[in-house]
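What follows is a single structure, written as structure tokens, with notes after it.
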Amino acid sequence: MLGHRRMNLMTTDESVRTRGTVFDRDGTLVADYRLGNRSGRPAALDLRLHRLPAEAAAPAILTALPGWVVSAHADTGAVLIASGGRLVRHLHRYARELDPEADGDGWADPRIEVRPVTSVPPSALYDSWIAAYPPEHPDGTSHPNPEDLDVLYHGRVLGPLLDASVVALDRDRVVAAVLVNDAELLGPWISEVFRDPDPAYAGLGARLLRHALGLAARAGLPSIGLAVTEGNPARTVYERLGFRPGESFMHVVLPGGER
Ligand SMILES: CC(C)(COP(=O)(O)OP(=O)(O)OC[C@H]1O[C@@H](n2cnc3c(N)ncnc32)[C@H](O)[C@@H]1OP(=O)(O)O)[C@@H](O)C(=O)NCCC(=O)NCCS
């Protein structure tokens with residue numbers, strides 16, 4: 001699904017429930033995964049190994065899934081890369097507890113108006129979103145596709161938007177946004193956070209995110225998660241805001257197949 005390289009879409013796909021399995025030549029179960037697709041390729045999502053270490057499991061996985069995208073724990077991903085796979089994305093999950101007492105501050109900057117993101121159409125977000133992900137950004141692309149943002153906004157992947165999703169406006173122009181989705185498999189999930197790269201807005205992303213955490217906490221959500229690509233300096237922002245690192249995953253294209 002989608003050629004999307006941002007923070008969430010390659011971690012899970014709730015619309016796909018079918019599980020697949022990989023067996024070795026002896027008929028031993030080696031791995032199972034959720035069936036999906038990524039960038040027009042079949043994908044084995046959240047591939048989990050059974051008993052065998054990754055080195056021993058890799059030959060059966062490579063044989064069973066030629067040309068597939070595999071998402072797996074980073075250590076499994078590293079073995080698949082050593083076996084000829086190509087790294088598409090290395091990402092780190094983060095999670096943060098929410099506390100309505102500690103996270104409950106309001107919005108204090110009178111120059112910037114903050115509203116629910118649903119008060120503007122998704123097209124109002126496009127300009128600052130595209131500017132926030134230039135081609136040299138770890139999640140950047142020279143062909144940004146606003147459809148990737150639309151599907152999050154409309155809840156077509158990861159589940160519906162939650163009320164903690166907010167947009168920041170400077171004289172009616174969107175300059176930052178935070179999208180929080182109710183992800184069935186992941187729980188409340190920050191699927192997007194970005195700000196206009198103009199230095200005038202430095203720090204606005206973290207401030208808006210902190211505000212969104214407050215809204216989420218006061219709405220009774222116990223915790224919230226996100227994923228960030230290796231090399232994205234946004235990690236420092238998340239760590240400063242109290243997010244704790246969890247598991248790391250890799251998305252690897254296996255050799256072979258028709259492409
Ligand atoms: C993530 C984001 C919303 C944070 O916004 P912010 O709170 O206003 O913070 P800034 O953008 O000013 O910078 C965050 C940190 O990254 C650093 N940084 C930003 N861009 C950088 C770059 N290209 N190279 C190195 N460091 C960079 C900043 O110096 C800052 O670190 P510091 O506070 O220790 O100085 C914003 O950086 C952004 O929109 N990034 C692009 C989209 C993105 O990556 N979103 C997150 C996806 S997981």
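Where residues in the stretch 186-234 are among the basic types (K, R) and out of contact with any helix residue (DSSP H, G or I) (no Cβ under 8 Å at 6 or more places or on another chain), which of them is nearest to the ligand (Cβ to nearest atom)? Ranking the candidates gives R207 first.
Return only the number of the condition from (1) more than 16 Å from the chain's Cα centre (by Cα); (2) within 16 Å of the ligand (Cβ to nearest atom); (3) assigned to a helix (DSSP H, G or I); (4) not basic (K, R) that P134 does not satisfy. So the condition that P134 fails would be (3). Of everything in the stretch 205-259 that is charged (D, E, K, R) and part of a helix (DSSP H, G or I), the residue that is surrounded by the fewest Cβ atoms within 10 Å (Cβ to Cβ) is R240.
Residues in the stretch 98-123 that are touching an Asp or Glu at 6+ places or on another chain (Cβ under 9 Å) and modelled with pLDDT of 95 or more were compared, and the one that is surrounded by the fewest Cβ atoms within 10 Å (Cβ to Cβ) is R111. Among residues of the stretch 224-246 that are over 16 Å from L213 (Cβ atoms) and modelled with pLDDT of 95 or more, those with a Cβ under 7 angstrom from a residue that is β-branched (V, I, T) and part of a strand (DSSP E or B), sequence gap 6+ or separate chain, pair up as R235/V228. Exactly one residue among G3, G27, G36 is within 30 Å of S142 (Cα to Cα) and either open to solvent by 20 Å² or more (accessible area, probe 1.4 Å) or modelled with pLDDT of 95 or more (or both), and that residue is G3. All told, A177 meets the bar of being within 17 Å of the chain's Cα centre (by Cα), assigned to a strand (DSSP E or B), buried (at least 20 other Cβ atoms within 10 Å of the Cβ) and modelled with pLDDT of 95 or more.
Quick check on my filter: what residues within the stretch 105-115 are in contact (Cβ under 8 Å) with a residue 24 or more places away in the chain, more than 15 Å from L209 (Cβ to Cβ) and assigned to a loop (DSSP other than H, G, I, E, B)?
Here is the first cut: in the stretch 105-115, the ones in contact (Cβ under 8 Å) with a residue 24 or more places away in the chain are 105-107, 109, 111-115.
When the remaining residues are screened for being more than 15 Å from L209 (Cβ to Cβ), the result is 111, 113, 115.
Scanning the stretch 105-115 gives a single hit, R111.
The values are calculated or read from the model by the stated rules, or taken from the named source; none is laboratory data. Predicted, not measured: the structure shown is a model, and the values here were computed from it. Note: ideal-geometry Cβ built from the backbone for every residue, glycine included; neighbour counts use all protein chains shown. Surface accessibility is based on the protein's heavy atoms, side chains included, excluding ligands, DNA and RNA. Shrake-Rupley method; radii C 1.70, N 1.55, O 1.52, S 1.80 Å.
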